[in-house]
Amino acid sequence: MPGEQSRKNWGFVRQQGRDPVEMPLVMEAHRLWRGLPRELGADIEWIQGGNLALAADDRRMARFEAWLPVAREFGLPTRLLRARDLGAVVPGLAGDWVGGMHTPGDGHADPEKTTDAFARAAVAYGASLHLECAVQGVSTRAGAVSGVVTEHGEIRTPTVVCAAGAWSARLARTLGLDLPQRWVRGTVARTTPAPAVSACAVWAPGVARASSWSSAGPCPASSHERTGASSASRDAIRSRCRS
Ligand SMILES: Cc1cc2nc3c(=O)[nH]c(=O)nc-3n(C[C@H](O)[C@H](O)[C@H](O)COP(=O)(O)OP(=O)(O)OC[C@H]3O[C@@H](n4cnc5c(N)ncnc54)[C@H](O)[C@@H]3O)c2cc1C
């Protein structure tokens, strides 16, 4: 819980550009996110500032255009922007962009604050947290799950949920299960406070950025920037997942 993907990501809560099969799930997730600050009773820096995908060439722009029927089918307001219109969404945007795709209803949140808020809520509802306690395997008795073996001893239970993220396949192997998983290296960095740029999260080939600020203030004077890159472009990830 304290140190992996859920606390160290870009924080995008993005419906834009999704596979049509994912759309009902991401739209329902988005609805839940909008109510999370209230439900969790925490400032998770939820900002519904939109999502802008940038295109550096006509090919990527054509892909955005090809996705518009999906947005229409699911009633998600999304529009294509020409290069000269990008500055209205992200003032001072640099770079040589052909255009972009803008979904104003998308949002983002602070991953650390969100993970912490979920943990506090779970504890409030009776969960107990065992930090710095690796699960080494799942024990079975008479062909059924009987517990988890941790580095601090066994916890007896008839039910185990494996939510080990990138390590799930390794854990599943202790039960002889083969869980196909592909690792994609991604990075994220957080700046010191800087002048607020835009409420809109932006992703481009190889890099993404988002601002975060306390949702207590409607007009922030400064914000933190979260920026990151992934080792593989979206297209490469997609083709590798298919292969
Ligand atoms: C740089 C980056 C940017 C991203 N940006 C976005 C984004 O903008 N929007 C988005 O929706 N998604 C994003 N993602 C993906 C998103 O963060 C993940 O899909 C999500 O956090 C996965 O959650 P999880 O609970 O499955 O895994 P995790 O958050 O990794 O949690 C798994 C937990 O299991 C624990 N664990 C593993 N093995 C064991 C063991 N043997 N015993 C005990 N504990 C164990 C780990 O320590 C960890 O705490 C990004 C990911 C990265 C890396």
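Using Cα pairs under 8 angstrom and six or more residues apart, how large is the relative contact order of region 42-124, in percent?
Details: 107 pairs, mean separation 40.7, N = 83.
Relative contact order for region 42-124 comes out at 49 percent.
Going through region 1-42, which GluC sites (Glu not before Pro) have at most 13 other Cβ atoms within 10 Å and a DSSP loop state? Could you put the intermediate results ahead of the total?
Numbers: sites: E4, E22, E28, E39; in loops: E4, E22.
Loop-located and lightly packed - E4, E22.
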Point to revise | Karplus-derived 3J(HN,Hα), 6.51/-1.76/1.60, for each residue of region 90-97, Hz, glycine and proline x | key: 10, x, x, 4, 9, x, 9, 9
Exercise for review: Can you find, among L131, L171, G143, the residue farthest towards the positive end of the dipole of region 130-180? Put +1 on the C-beta of Lys and Arg, -1 on that of Asp and Glu.
Suggested key: G143
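Work out how much length R34 to V197 would gain on full extension: take 0.36 nm times their residue separation and subtract the Cα-Cα distance, in nm to one decimal. All intermediate terms of the calculation are to be shown ahead of the outcome.
Values: separation 163, 0.36 × 163 = 58.68 nm, distance 2.22 nm.
Extra length available between R34 and V197 comes to 56.5 nm.
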Review point. Local charge sum around G3 (other residues, Cβ-Cβ under 11 Å, Lys/Arg +1, Asp/Glu -1)?
Key: -1
**Study point:** Computed lengthening from F74 to A229, 0.36 nm per intervening residue step minus Cα-Cα distance
**Key:** 52.9 nm
**Study point:** Length gained when the stretch T159-A144 is fully extended (0.36 nm per residue, less Cα-Cα span)
**Key:** 4.5 nm
Exercise for review: Excluding V197 itself, calculate the net charge of residues whose Cβ lies under 13 Å from the Cβ of V197, where each Lys or Arg counts +1 and each Asp or Glu counts -1.
Suggested key: +1
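If you take the square roots of the eigenvalues of the alpha-carbon gyration tensor of region 130-180 and sort them as a ≥ b ≥ c, do you get rounded (a/c under 1.5), prolate (a/b over b/c) or oblate?
Values: a/c = 1.94, a/b = 1.06, b/c = 1.84.
Note, shape of region 130-180 comes out oblate.
Report the local net charge at L76: Lys and Arg +1, Asp and Glu -1, summed over other residues whose C-beta lies under 10 Å from its C-beta. Walk me through the intermediate numbers first.
Working: positive: R18, R72; negative: E73, D106.
Result for the local shell: 0.
Chymotrypsin sites (Phe, Trp or Tyr not before Pro), restricted to region 84-152: which are DSSP loop and have at most 15 other Cβ atoms within 10 Å?
Working: sites: W97, F118, Y125; in loops: W97, Y125.
For chymotrypsin sites (Phe, Trp or Tyr not before Pro) across region 84-152 that sit outside H, G, I, E and B with at most 15 neighbouring Cβ atoms in 10 Å, the list reads Y125.
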Check your understanding: Residue-wise, which Karplus ³J(HN,Hα) couplings in Hz belong to region 72-81, taking 6.51 cos²θ - 1.76 cosθ + 1.60, θ = phi - 60°, and x for glycine or proline?
Key -> 5, 4, 9, x, 9, x, 8, 9, 8, 10
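Let me know the charge dipole size of the chain about its Cα centre in debye, to the nearest 20, where only the beta-carbon of Lys, Arg (+1) and Asp, Glu (-1) is charged.
Working: 29 positive and 23 negative charges, 88 e Å.
The dipole of the chain has a size of about 420 debye.
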Review point. What shape does the chain have by the C-alpha gyration tensor, where a ≥ b ≥ c are the square roots of the eigenvalues, rounded means a/c under 1.5, and otherwise prolate means a/b greater than b/c and oblate the rest?
Key: prolate
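Each value in this text was obtained by applying a stated rule to the coordinates, not by laboratory testing. Keep in mind that what you see is a predicted model, and the values were worked out from it rather than measured. A quick note on method: Cβ atoms are made from the backbone with ideal geometry, for glycine too, and the neighbour counts reach across all protein chains shown.
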